[in-house]
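Below: one structure, written as structure tokens.
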Amino acid sequence: MKPIELSFEFFPPKTQEGVEKLRATRAQLLPLKPKFVSVTFGAGGSTQQGTLDTVVEMAKEGLSAAPHLSCIGSSKESLRAILNEYKSHGIRHIVALRGDLPSGMGEVGELRYASELVSFIRAEFGDWFWIEVAGYPEYHPQSRSPRVDLENFARKVKAGANSAITQYFYNADAYFRFVEDAQKPSASMCRSCPASCRLRTSRS
């Protein structure tokens, strides 16, 4: 039986106490030998520096660390700068997302969809980054239908995504159906990982 591969997703801490708690949490989880860990990126890039600092620290510890990167509310110039920063630190794994606009922000930015962000990363950096995208077994709440949602997913794949991490789901059958549909020629996805609960420290 093939061993189960795990990954963990963390929120970047906002305080020094949170930093220390996250280090302690990582130490407890490392014996499980995660394939990679990822760090979220706040709406509109609100945790940009915290995401960078956390990912770089984890990478120095020998972990395969993947920052989340969302395009909503960002310019191509700012996204290019962030990606160059990650590249300069040897980070080769990105979770590319559309993201959500923070409350009160009216500008959606130059890229409106995750598929456009994936295309941008490929055009700017070639194959430097392994790109994860989001998958929705129970389909995205803003999607008009499951079929439309799968079409949107296929656009991300065709733009250059390598694999996907699914949104948390409650119905296992929905996940298996999603994997089956995603492997059809219309989507051609090579790999997807089911999501579990995110881990974060209290008062971080």
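The values are calculated or read from the model by the stated rules, or taken from the named source; none is laboratory data. If you're wondering where the values come from, they're calculated on a predicted model, not measured in any experiment. So basically every Cβ, Gly included, is an ideal-geometry build from the backbone, and we count neighbours across all protein chains shown.
Say we look at the range 65-102 and pick out the residues that are more than 16 Å from the chain's Cα centre (by Cα) and aliphatic (A, V, I, L, M); which of these is farthest from S143 (Cα to Cα)?
Among residues in the range 65-102 that are more than 16 Å from the chain's Cα centre (by Cα) and aliphatic (A, V, I, L, M), the one farthest from S143 (Cα to Cα) is A81.
Say whether the condition of being among the acidic types (D, E) and modelled with pLDDT under 95 is met by at least one residue in the range 1-22.
yes
Report yes if A96 is within 16 Å of H68 (Cα to Cα) and surrounded by 14 or more Cβ atoms within 10 Å (Cβ to Cβ), otherwise no.
yes
Please identify the pairs in which a residue from the range 176-190 that is closer than 10 Å to A164 by Cβ has its Cβ atom under 7 Å from the Cβ atom of a residue that is at pLDDT below 60 and outside any loop (DSSP other than H, G, I, E, B), counting only partners at least 6 apart or on another chain.
Every condition considered, the pairs that remain are V179/S192; A182/S192.
What is the residue count in the range 30-52 for residues that are out of contact with any Gly (no Cβ under 9 Å at 6 or more places or on another chain) and either buried (at least 19 other Cβ atoms within 10 Å of the Cβ) or touching a residue at least 40 places away in the same chain (Cβ under 8 Å) (or both)?
Counting residues in the range 30-52 that are out of contact with any Gly (no Cβ under 9 Å at 6 or more places or on another chain) and either buried (at least 19 other Cβ atoms within 10 Å of the Cβ) or touching a residue at least 40 places away in the same chain (Cβ under 8 Å) (or both) gives 7.
Can you tell which of S143, S115 is farther than 24 Å from G18 by Cα and in contact with a Lys or Arg (Cβ under 7 Å, 6 or more places away or on another chain)?
One residue alone meets the criteria, S115.
So how many residues does the range 21-70 have that are among the aromatic types (F, W, Y) and more than 23 Å from S163 (Cβ to Cβ)? Give the derivation first.
The initial filter retains those residues of the range 21-70 that are among the aromatic types (F, W, Y), namely 36, 41.
Add one more test, that the residue is more than 23 Å from S163 (Cβ to Cβ), and what stays is none.
Of the residues in that region, 0 qualify.
Considering only residues that are in a helix (DSSP H, G or I) and within 20 Å of V133 (Cβ to Cβ), which ones fall in the range 2-50?
Selection gives A43, G44, G45, Q48.
So the check is Cβ under 6 Å with 6+ separation or different chains; which pairs have a first residue in the range 3-22 that's closer than 14 Å to M58 by Cβ and a second one that's part of a helix (DSSP H, G or I) and of a type outside the set (V, I, T)?
F8/L29; P12/G50; P13/L22
For the range 66-77, state whether one or more residues are buried (at least 20 other Cβ atoms within 10 Å of the Cβ), aliphatic (A, V, I, L, M) and modelled with pLDDT under 90.
Yes, there is a match, as at least one residue in the range 66-77 is buried (at least 20 other Cβ atoms within 10 Å of the Cβ), aliphatic (A, V, I, L, M) and modelled with pLDDT under 90.
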